[in-house]
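The values are calculated or read from the model by the stated rules, or taken from the named source; none is laboratory data. Keep in mind that this is a model prediction, so the values were computed, not measured. Because the Cβ atoms are built from the backbone with ideal geometry, glycine has one as well, and the counts that use them run over all protein chains shown.
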Amino acid sequence: MKPDQAKKPEQSQLVRPTLLELLIVFLKIGVFSFGGGTRPMMHRETVENRPWLSEKDFLAGFAIAQVLPGANPVNLAMYIGLRARGAMGAAIAVFTMIAPAFCIIMAMGFAYQGLTGYPATHFVLAGVAGAGVSATLATGIKVTRNLDRNWMTAIIGLGVFVAVGIFHISMVPVVIVAIPASIATAWYLDRETRRG
Amino acid sequence: MDDNRYIGLIAVFAPLSILSFGGGQAIVADMQHQTVDVWNWLTGAQFNDLYAISRAAPGPATLIAALIGYHVAGFLGSIVACLAIYIPSSVLVYYAASWWQKHPESRLKRSFERGLGPVAVGLLFAGALAIIESSPMTIVTVLNLFVCTAILYFTKFSPYKMVGVVALTFYALHTVGFGFA
């Protein structure tokens, strides 16, 4: 166990923050977590430094944030706000965390409009888009290696890629078919592995 | 006229919000298809430029919605697009969070977690393909793709630093005479 384990609050020691405290902390997270590292920062601010959430609740929230649709850090902020102060807390946490990044991306959008006449702009952005795609590819390869190895999983993954990526079929019908099929497969495999 | 644009932004982004499994990267392919081919708001090249900006900017990848919203209907458009991309998924998380807590460990939850994996992977690669397809293919851009992917896969180099390094490299290349022409 890590030495900082003692700092993590028990259920009975939890404190309910005011909405203003929630606003200040998430604004801080929104401003200082640029370039990633949102999750460790949220953990430090709401579990270690302030006893707003138990370790168990934080981990549950992290799991929900990953599984459900939506940007993971935004989902996690929503969950923490909800646990700490209900609906109002959730709204404040999400809004204050997105606001700084929104301002920056809008400023970059304005700069782009001013620079769009220069050929260099589009050349540099093509490079940046390539780096962005590379990050997606690297993540995709890593996640693929962690998937269950069986025919159904391969067919579903490949099928979704071909339908959306190559045939440009709208995501709604593809996902409506693929997700239940995939969950059913995982459900079936779960029983198989349990017996084995 | 303008009202139609706001409704269009909501019609495009609200469904994508519910479908963004694993975050914004999963919906890039459909977002490009909708905004370029279906609604004709952007050219493929413009979409790629906005995608690049969203990858260079801090914050979630879904903030590309703000850039598209601004392009379509000005500042109010960016707000409408943001609300459309964040509210549906947030409402879902809001209700699912309470259910999730009441059912700590079940076969259904395990199946749900594992079952979304292959779908998310298919969508990730579809998004990557969508951007690659509308990128200009030159020796420099193809090399960039392979080198960046290899570095990000095999090392722990931060994707944000990668974006910075690539931007500077491409600017330098352009200055010394490399470019699309």
Determine whether region A:171-182 contains at least one residue that is among the β-branched types (V, I, T), more than 22 Å from the chain's Cα centre (by Cα) and surrounded by fewer than 20 Cβ atoms within 10 Å (Cβ to Cβ). yes
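Within region A:145-196, take every residue that is without any contact (Cβ under 8 Å) to a residue 40 or more places away in the chain and among the charged types (D, E, K, R) and give me the one that is nearest to B:I27 (Cα to Cα). Before the answer, list the steps.
Here is the first cut: in region A:145-196, the ones without any contact (Cβ under 8 Å) to a residue 40 or more places away in the chain are A:145-147, A:149-188, A:190-196.
After this cut, where a residue has to be among the charged types (D, E, K, R) as well, the list is A:145, A:149, A:190-192, A:194-195.
Details: A:R145: 21, A:R149: 25, A:D190: 28, A:R191: 32, A:E192: 33, A:R194: 34, A:R195: 37 Å.
Step by step, filter region A:145-196, then rank; the result is A:R145.
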Any residue in region B:106-117 that is more than 7 Å from chain A (Cβ to nearest Cβ) sitting within a Cβ distance under 9 Å of a residue that is outside any helix (DSSP H, G or I)? List the pairs, counting only those 6 or more apart or interchain. B:K109/B:H103
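Suppose we filter B:L173, B:L143 for residues that are more than 21 Å from the chain's Cα centre (by Cα), more than 8 Å from chain A (Cβ to nearest Cβ), of a type in the set (A, V, I, L, M, F, W, C) and in a helix (DSSP H, G or I); which single one remains? Even if it seems obvious, please write down each step before you answer.
Details: B:L173 fails: more than 8 Å from chain A (Cβ to nearest Cβ).
Unique residue meeting the criteria: B:L143.
Looking only at region A:38-53, filter to residues that are in a helix (DSSP H, G or I) and among the hydrophobic types (A, V, I, L, M, F, W, C); which one of those is surrounded by the fewest Cβ atoms within 10 Å (Cβ to Cβ)? Spell out how you get there, then give the answer.
So the first thing to find is which residues in region A:38-53 are in a helix (DSSP H, G or I), and the list is A:38-48.
From what's left, among the hydrophobic types (A, V, I, L, M, F, W, C): A:41-42, A:47.
Details: A:M41: 17, A:M42: 26, A:V47: 21.
Selected residue: A:M41.
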Unique match (being of a type in the set (V, I, T), assigned to a helix (DSSP H, G or I) and under 13 Å from the mean Cα position of the chain (by Cα)) among B:I53, B:I87: B:I53
Could you tell me which residue of region B:56-71 is nearest to B:G8 (Cα to Cα), considering only residues that are more than 11 Å from the chain's Cα centre (by Cα) and assigned to a helix (DSSP H, G or I)? B:G69
Condition set of a type in the set (G, A, S) and facing another protein chain (nearest Cβ under 7 Å), scope region B:62-84, selection farthest from B:L19 (Cα to Cα): answer is B:S78
Filtered residues of region A:26-71 (kept if touching a residue at least 24 places away in the same chain (Cβ under 8 Å), within 21 Å of B:L63 (Cβ to Cβ) and among the hydrophobic types (A, V, I, L, M, F, W, C)): A:F26, A:L27, A:I29, A:V31, A:F34, A:M42
Consider A:A129 against the criteria (1) of a type in the set (G, A, S); (2) surrounded by fewer than 23 Cβ atoms within 10 Å (Cβ to Cβ); (3) more than 15 Å from B:G22 (Cα to Cα): it satisfies all of them except one. Which criterion is unmet? (2)
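Looking only at region A:119-136, decide whether some residue is in a helix (DSSP H, G or I) and more than 7 Å from every other protein chain (Cβ to nearest Cβ). Working first, answer last.
As a first pass, look at region A:119-136 and keep what is in a helix (DSSP H, G or I): A:119-136.
From what is left, the residues that are more than 7 Å from every other protein chain (Cβ to nearest Cβ) are A:121.
Checking region A:119-136: at least one residue is in a helix (DSSP H, G or I) and more than 7 Å from every other protein chain (Cβ to nearest Cβ).
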So which of A:A84, A:A63, A:A71, A:A93 ends up being within 15 Å of B:G22 (Cα to Cα) and surrounded by 24 or more Cβ atoms within 10 Å (Cβ to Cβ)? A:A71
Could you tell me whether region B:117-139 includes any residue that is of a type in the set (F, W, Y), part of a helix (DSSP H, G or I) and at pLDDT below 90? no
For region B:29-48, check the following and say yes or no: at least one residue is closer than 30 Å to A:T144 by Cβ, within 10 Å of another protein chain (Cβ to nearest Cβ) and not in a helix (DSSP H, G or I). no
Of all residues being aromatic (F, W, Y) and at the interface with chain B (Cβ under 7 Å from one of its Cβ atoms) in region A:160-187, which is farthest from B:L129 (Cα to Cα)? Just the residue, please. A:W187
